[in-house]
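Note sheet for the following structure.
The values are calculated or read from the model by the stated rules, or taken from the named source; none is laboratory data. If you're wondering where the values come from, they're calculated on a predicted model, not measured in any experiment. Neighbour counts are summed over all protein chains in view; Cβ atoms, including those assigned to glycine, are modelled from backbone coordinates with ideal geometry. We work out accessible area using only protein heavy atoms, side chains counted, and drop any ligands, DNA or RNA first. Shrake-Rupley method; radii C 1.70, N 1.55, O 1.52, S 1.80 Å.
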Amino acid sequence: MTVSAHRLAIALSLAAALIATLCLGSLTFLFCGQSPLAAWGHMLTGTFGSWNNIAEWLVKAAPLTLTGLAVAWAVQMQLWNIGAEGQLVAGGIAAAGTALFLLPGAPAWLLAPAAMLAGLLGGAAWAL
């Protein structure tokens, strides 16, 4: 398969996925008695309607994107990691717990590395 044929296949598969999502989502909205156009409009407005909405979207998407990249990196090395989201949550709980309960009021130069280390250890413990 040539490079241009490969790119065309990727573009067509993405277009098919988008069309399938819109069709199945619209059928779901119709089944629930709602207007699909109004529902899709509310979803777009809720996501991109203001700078604050975009910032919230990025805050929520960044950790999941990095988790997905970590899994993809492991797969490239032929390693399997099926608990990445659990590791993300365990690391977040460990980091937040360290910042809120173990070192409240600590200076930033100590708190940031301690929370990062706790997050790393929490995620690693979940992986084990």
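Below is a table of values for the structure above.
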item	result
Some residue of segment 48-58 being surrounded by fewer than 13 Cβ atoms within 10 Å (Cβ to Cβ), without any contact (Cβ under 8 Å) to a residue 40 or more places away in the chain, over 16 Å from Ala127 (Cβ atoms) and charged (D, E, K, R)	no
In segment 104-116, residue nearest to Ile82 (Cα to Cα) [restricted to those that are aliphatic (A, V, I, L, M) and without any contact (Cβ under 8 Å) to a residue 12 or more places away in the chain]	Ala112
Extreme residue, nearest to the chain's Cα centre (by Cα), among residues of segment 74-109 that are modelled with pLDDT of 90 or more and open to solvent by 100 Å² or more (accessible area, probe 1.4 Å)	Glu85
